[in-house]
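Below is one structure, written out as structure tokens, with a few remarks after it.
What follows draws every value from the coordinates through simple rules; no lab data is involved. What you are looking at is a predicted structure, and each value in this text was computed from that prediction instead of being measured. Every residue, glycine among them, receives a Cβ derived from its backbone with ideal geometry; neighbour counts consider all protein chains shown.
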């Protein structure tokens, strides 16, 4: 027997079989075997909801019989512990199929049993005329997914029962096959049909051996075929026959079909006799002799949003036939018409659309051909008989590919530029259920439907990006504007940067893609980049710079300023932000001011009995409850880091915050035990004597987190944290100011510090990532912990996760040299080094990997998009690795979820180009040897927020050693925010929270807010939702003078989320 039941395995005291496969939650396990295996569910006692695992390895042939689950509890068959391989033509007889299901119902066979494989089950092949997976003997209600099938003699997947001589038990109406779901499979190099569901001869057939008998094959009801990749099939890629109700075929990617030129069996997708339903959002290319989509059904056949490229014959062919029996779903007639809508058909060698045989008008009225985009070399693109009821209108017919203004037809990107004649060329078709396009964007995006499979996503013929909005501190008075522009009409002829709002500054090189700003001060600035192409068509985009005060701190002590001392004995360290001074009147316990202490900067030296105290203040301890706190301290350890030593603390035994040293570790503490009952304790070991550090902690009660940083790098986080309430306990430096709470005890022992403190910040807020980075980058450079910033803004670098070595990057003329470490980008959390910037909405990053060091066979270098900078964040990553010189595309779909390696190829050497695109929640990776001709690597759906991070990411995969990576030709293109997101935000907000007046308005308008609503930021969006710029907002007023007359959206960032308010601008 080649399978074991879980109860039996338990008796073997954790044998290897059980140990490995209990993790897969198996009720039964099928072990590897070179023999044929028959698994009888009834004989084995399999119950609904149970799981049958196929252990990783090879099987010659598996037959499942009598598996009967229930409608709510399917039986699952899956791989476990790795990849399963079954069959192979050389190992099978001429009448054998590798995987067969007989007399089974309510079951799923899936290759998702191991996250390391997208298709964890592989069918290796079968003899001519045989199948890869066969479902018969009255099987029904089945799901087949994530399986690779190749080298099969006839059909990759077949599900049906053919009529048999003198046996009418599987004829209709005696048997019906229900609920077939075939999805996410990879089917390639097949002798006949990729997927074959239902019988082709709905109108009646004579079985082999008794052709004089007429049998009527059974019906299919409930069919879903989607997300399958099918390549190289001799006959049709997908055929569905006798499917009379509830049928959908969608999102399939089909290439090189009908290679055998089999007459009447050469469609990319064939909806055969007796079939109804919807065929939509499919991509088909390159049928050597075939029809793109063949409709032979019984009406109510909807064909829309499909892309058909270079079929060997007709693009869409219609040859419908009526039902033959009075007892059929409709009495010897048709359910309705055929509706061919919003397809893109390119390069059909015959007709783009051909209608051969449709029933009389009385049977199939209302057939339509609407809104199709057809590139066809002749004007005779359409053929249909005049005696039938067909209406053709609002189709766009073009002779040449270039006339369509596709974004990149050479890379199969058939989205259209706004200059395309397909834009706004269609008619309203929502009554046919066509309300989204191929990319699932809403139709129409403007007021009128576009023709073809895509709605126009680029609202201006010239695409112009001025860069992402950026926040700076006043310590930075210069900034480099970097823009991008492109046009479908030719080259960009001119650029112009202009200042639109804010205090007057100077711009140099204003007629280039990059322009230098000089003279920035505190305030909000808006700059516009206008790009004009060779045809004189222009577009503009705006960027908003917000310059904050040098620090929004409530307390800032720095040893170079505000020192009151006698003979270098410090009696008062005066606050540079407000009046929260730290003092000591007892001259025997005063720290000493030391010049040139840390990297040429002064510090206060504490010798083991010195301390400073800060008086009670609403900024520090008696103004709570505090929802947010950020504390930063710069210190240099003394000779001893093992004794308990207070750097800074506030509070007592019930509420407080502190930094302290103990046993060679730095501790970060927070607690509030009375009102909200929480405490957090984080520590970082390997603190060494006579070493400079920058320690930071952030309390974020809104997010419920307490986070520790060392030298700007996150080193730990605790959750379930709440506000810090008022307390009258003293605060200060160098020792306890009273009783306090350590990680291991509550005590009033002094815990004096021996070492130096150079600078201290306190903020009553959680700093934005821009301000946090600005503060820390300045301190790291100032105190010699990091070289001066070598990256052009808005690029910044950081370690993500737990990385022991601080990385660095230099950039010269768009050539980036990264030096970083990190253990891996894999599993449930990542530890790596990256250079990144924010990205709002859709966009893409392109980079050329020039070199990478081989510190480990799984060192990684590539481009990444990431929801947050947390180690466990959702992400998509395409990268190169020395391991087999491989190129990989991977993703993590949920925070803390398992990373999935979706695609891997080997044999790639540097230099090599990589590209990663985001479109909605779809992330797609490409590779190229020249940066011009791109090859699709993989695509994945990961639901991320609109605001994410994008950049260059690398690991040495050797945590104790640096690796290096070089990138050139790095470019980042930002996308737009579409009106689907506008609709979502408007629908989700509470009415009457905000009123704008006057509306319409021409200059300044005012906001009236309901009680409790606070506005932090205001953006201007156009009517389609594209971000135009940030607006200055003060005293409840907004200035919209600079915008042209039209309809806009105000996007308001508030303490209750993002709100939207429509506004009309008049001249």
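A straight chain from residue 478 to residue 565 at 0.36 nm per residue would run longer than the Cα-Cα distance by 27.7 nm.
Report, for the chain, the % of DSSP beta bridges that are antiparallel, rounded to 5. Can you show the working numbers first?
Numbers: 228 of 360 bridges.
Among the beta bridges of the chain, antiparallel pairing accounts for roughly 65 percent.
Working ranking of peptides 700-711, 338-349, 442-453, 225-236 by packing, defined as the average number of other Cβ atoms within 10 Å per residue, highest first, is 338-349, 225-236, 442-453, 700-711.
With a simple spin-label model that places each label point 7 Å from the Cα along the Cα-to-Cβ direction, the separation between residue 288 and residue 71 comes to 4.6 nm.
What is the extension gain from residue 210 to residue 401, computed as 0.36 nm multiplied by their sequence separation minus the C-alpha to C-alpha distance, in nm to one decimal? It would help to have the intermediate numbers written out before the result.
Values: separation 191, 0.36 × 191 = 68.76 nm, distance 5.22 nm.
Result for the pair: 63.5 nm of gain on full extension.
Between residue 1047 and residue 969, the FRET efficiency from the beta-carbon distance, with R0 = 41 Å, is close to 0.55. Helix 769-782 and the longest principal axis of the Cα set of the chain meet at an angle near 50°. Once the chain from residue 35 to residue 392 is taken as fully extended at 0.36 nm per residue, the excess over their C-alpha distance is 122.7 nm. Computed from the C-beta positions of residue 639 and residue 804 and an R0 of 22 Å, the FRET efficiency is 0.40 to the nearest 0.05. Let me know the shape class of the stretch 174-248, please: from the alpha-carbon gyration tensor, a ≥ b ≥ c as square roots of the eigenvalues, rounded when a/c is under 1.5, otherwise prolate if a/b is greater than b/c, or oblate. Note, shape of the stretch 174-248 comes out oblate.
What's the ranking of 186-197, 427-438, 863-874 by average number of surrounding C-beta atoms within 10 Å, highest first?
On the way: 186-197: 25.2, 427-438: 16.1, 863-874: 21.0.
Ranked from most to least packed, the peptides come out as 186-197, 863-874, 427-438.
Calculated FRET efficiency, residue 174 to residue 264, Cβ-Cβ distance, R0 = 35 Å: about 0.80 to the nearest 0.05.
Each residue, residue 999 and residue 702, gets one label point 7 Å from its Cα in the Cβ direction; the gap between the two is 2.3 nm.
With the cut-off at 1.5 for a/c, could you classify the chain from its C-alpha gyration tensor as rounded, prolate or oblate?
Working: a/c = 2.45, a/b = 1.64, b/c = 1.49.
Prolate, because a/c is 1.5 or more and a/b exceeds b/c.
The helix-only estimate of mean residue ellipticity at 222 nm for the chain, built from DSSP H runs of length n ≥ 4 each weighted as -39500 (n - 2.57), is -1000 deg cm²/dmol after division by the residue total.
Would you please classify the overall shape of the stretch 689-788 from the alpha carbon gyration tensor, given that a ≥ b ≥ c denote the square roots of the eigenvalues, rounded means a/c under 1.5, and beyond that prolate means a/b larger than b/c while oblate covers the rest? It is oblate, given that a/c is not under 1.5 and a/b is not larger than b/c.
In terms of other Cβ atoms within 10 Å, 908, 154, 923 run from fewest to most in the order 908, 154, 923.
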